[in-house]
Amino acid sequence: MKRLLLLISLILMFTGQSIAQHLLGSISGTIVDKKTGEPLPGVNVQIVGTYIGTSANLDGRFMLKKIPLKQCTLRFSMIGYKTKEVPDIVLELGTAVEIPPVELETTVIGMNPVVVTASKQRQDLKVIPHSISVLPEVEMVERVPLRLDNALESVAGVHFVENHINIRGSSGYTRGVGSRVLLVIDEVPMMNSDNNEINWNILPILDIDQIEVIKGAGSALYGSNALGGVVNVITKSPTEKGHFKVRTVNGIYDKPPHAREEFYGIGTRFPLVEWQWTNRSLNFAKRDISYSKQIKNLGVNLAFGQHQSTGYRTDGEFLRWNVSSKLQYQFPDASRLVMYGAYSHENRQEFIEWQDQHNAMLSSPYYSDAEYKINAFDTYMLYHKPISSTLGVKVRASFITSLMGDQYNRSTDYFPAEGFGSELKVDWLPFSSHNLTFGTEYRIDGGHTKYIGDHQGFSVAPYVQDQWQVFKMLAITMGIRYDQYWLKNSDYSENHLNPKLGINFNPFEGTILRFSGGSGFRAASIFERYLNFKYKLFTAVPNPDLKAETSNSFDLGIHQQITNSWWVDGAVFYNRYYNYIEPQEDILDDFSLQVQFRNVVDARIRGFELSTKGSWWQDHIGLQANLTMMDAKDLNDYSHLAYRPKMLSFITPSFTFAPFEFQVEYRYASRFNKVMLYTYDQRVAQKVWTYRLFIRFPNFTAIFALNNAYNYAYTQLERNMSEPRNVTVTFMYDLK
């Protein structure tokens, strides 16, 4: 580590002197929509073959200063527009070059996005070897998500069991412990430190600029928890002028299905109302506010969200709120300091399971009156130093803490779980055909409650990745990461070497063939190893000898652009898991159950995925659709892995006649072949229809939605009925 720091210091010193001696001119210009001529704010501008770049302001203007080149090519990219290059711009010492207006042509959103998750740096989709889905802000907001997890339901291959995320069936359901999908915020891991789970309430919705979902093992760059994939939430950067947004969502629940009167006996009428447990109005509301402003070299982003609900069943009431702040300071030497913090609070009742099938909205008397309070705080600090046009260094430090307590406020039972992280990353273009990323990551995770004891885990991991542009149509990505993990006050330690290989081939314009293969791992969380408690009829037993999960992941896909506004993507995937950790239940008697996390020796998930998105008839008709088919097996006995549907599908046609737009959304998930509890209960597929009407005006949008329009009754988790039909009215104000 010391040698690495010394090497970087020498590079900084000598290349810094070199830059000072060769600074040339600057480039500026305006970027506009080709069809309307309106300026385009937020367009990414980059000098090809370098790390020098910027973005257009609210007037579509950009400026690149102190460029150490005599000739260059500029690349302009933005979601919803075709990427464009302006070649052969000649610079002279001390000159300022103003290029003619750059006109960008519109295309369907998601046709050519710029992503950062696959390689920890900004790259066009056409050089990415992985299956990746991009959810931009405009598309996310249209679904009126109340939390981050709601926004992800439209992504191909993503499925939720309650709050537990699956990417291509990787996770199943593990009782809120040990996610196999890694959540990162601006590339910074943000998993709870004791149970390695995701806090979906941590981010205000209006703080999100883009979400990127990498499918398959991502441990070669991101380490543990990236066994099944990575969700990278990119927060908004400050805008040059003041930007104020407000969103209000008000919803009301309909009566649950099966709220009806039954008749019993001969000539006698006995009223029996099933499932309807109250006559009062059940409702929910969401409020979001954000503000952004650039003040000279300092940019500020502030966001706040508040969410409350009566619940649609007993023990369903909750109050949540979150707040975030982002400060970004640009130094005169083009280096940048970013400081980010997010805090969330949740006070909720907990519905464990229903009373019986005839009283599905009533909580079982064995588990009623459960209530929890959760406070969480995430923060990171990132410093980016461009050393030269081909070399940059990033240093970051992060901290995450969460505290859970129950309604009895037993302070001796719970202590904050805390995690510290740091990373040193170097981006280097040693040759025009090689893009090198290397660095080291260090992390400490710990938790302390009376149910798990006091434990800490440590990890250190150097990594390197090279993207080799063999020739214009072919790019090869190779990477490897070495993770060393150990537990404090224990002899337990483990080491994992995770390589990756990716191939991206563009044989024709608009055609991308890709292949990726790699390995992954996930160290067992502290909760999985040491959880020891008894609650009502459940008893959890610790298993300190749990081995880490490992996997091999392969993906072969094609991305085909049919027209300027229509693309199709297909992929086949194969994932092999070893020492899979799953909760195993042992029935002790007719009324009690013992649960322990154990290693399932060998598991396999394979399948294929199809996605398409397009617009026709001058964007009056739109379509987004995806289909995922999976075969998930425990290879010990060739039984199905629990909580994995064989089929997932999502389809959303839309019809637009300004200022109106009408959307129809259909989500389908086939019934689980296997669950872990109550295996004899009836299981059905998930079939949810939603209708939305948009009315758009300058700076204002109204959205009327009918969710679960046909009041379809289904469960994601046994004996937990999902939301009945509800109506929402949303108003969004966007003031610049």
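The values are calculated or read from the model by the stated rules, or taken from the named source; none is laboratory data. None of the values given here were measured: they were computed from a predicted structure. Cβ coordinates were reconstructed from backbone atoms using ideal geometry, including for glycine residues, and neighbour counts include every protein chain displayed.
Within the stretch 149-167, is there a residue that is among the aromatic types (Phe, Trp, Tyr), in contact with an Asp or Glu (Cβ under 8 Å, 6 or more places away or on another chain) and part of a loop (DSSP other than H, G, I, E, B)? Within the stretch 149-167 (the criterion being among the aromatic types (Phe, Trp, Tyr), in contact with an Asp or Glu (Cβ under 8 Å, 6 or more places away or on another chain) and part of a loop (DSSP other than H, G, I, E, B)), the answer is no, since none of the residues qualifies. Against the criterion of being outside any strand (DSSP E or B), under 25 Å from residue 398 (Cα atoms), more than 13 Å from the chain's Cα centre (by Cα) and in contact (Cβ under 8 Å) with a residue 60 or more places away in the chain, residue 146 does not qualify.
Applying the criterion of at least 1 residues that are free of Cβ contacts under 8 Å to residues at least 24 places away in the same chain and surrounded by fewer than 17 Cβ atoms within 10 Å (Cβ to Cβ) to the strands (runs of 3 or more DSSP E) found wholly in the stretch 307-370 leaves 354-356.
Of all residue pairs spaced 6 or more apart or on separate chains, those with beta-carbon atoms under 7 Å, a first member in the stretch 652-680 that is over 20 Å from residue 159 (Cβ atoms) and a second member that is of a type in the set (Val, Ile, Thr) are 653/664; 655/621; 659/695; 660/695; 663/652; 664/652. Put simply, of 447, 439, 392, 479 the only residue that is more than 21 Å from residue 53 (Cβ to Cβ) and either at pLDDT 85 or above or surrounded by fewer than 20 Cβ atoms within 10 Å (Cβ to Cβ) (or both) is 479.
The residue that is nearest to residue 158 (Cα to Cα), counting only those in the stretch 641-650 that are without any contact (Cβ under 8 Å) to a residue 40 or more places away in the chain and surrounded by 16 or more Cβ atoms within 10 Å (Cβ to Cβ), is 649. Picking from residues in the stretch 590-611 that are under 17 Å from residue 546 (Cα atoms) and either in contact with a Pro (Cβ under 7 Å, 6 or more places away or on another chain) or of a type in the set (Val, Ile, Thr) (or both), the one that is surrounded by the most Cβ atoms within 10 Å (Cβ to Cβ) is 597. Would you point out the residue of the stretch 174-189, among those that are surrounded by fewer than 24 Cβ atoms within 10 Å (Cβ to Cβ) and outside any strand (DSSP E or B), that is modelled with the highest pLDDT? In this case the residue turns out to be 186. Taking the stretch 155-184 only, how many residues are in contact (Cβ under 8 Å) with a residue 60 or more places away in the chain and within 21 Å of residue 416 (Cα to Cα)? Residues that pass the stated criteria total 4.
Scanning the stretch 190-214 for residues that are of a type in the set (D, E, K, R) and assigned to a strand (DSSP E or B) yields 209, 212.
For residue 296, the conditions (1) within 25 Å of residue 721 (Cα to Cα); (2) loosely packed, with under 15 Cβ neighbours inside 10 Å all hold with the exception of (1).
The residues listed here are 569, 602, 545, 586; of these, the one that is modelled with pLDDT of 90 or more and among the acidic types (Asp, Glu) is 569.
Scanning the stretch 298-319 for residues being farther than 19 Å from residue 288 by Cα and of a type in the set (Phe, Trp, Tyr) gives a total of 1. Check whether at least one residue in the stretch 47-61 is touching a Cys at 6+ places or on another chain (Cβ under 6 Å), touching a residue at least 12 places away in the same chain (Cβ under 8 Å), of a type in the set (Val, Ile, Thr) and not assigned by TED's automatic domain parsing to the domain that holds residue 334, and report yes or no. So far as the stretch 47-61 goes, yes, one or more of its residues are touching a Cys at 6+ places or on another chain (Cβ under 6 Å), touching a residue at least 12 places away in the same chain (Cβ under 8 Å), of a type in the set (Val, Ile, Thr) and not assigned by TED's automatic domain parsing to the domain that holds residue 334.
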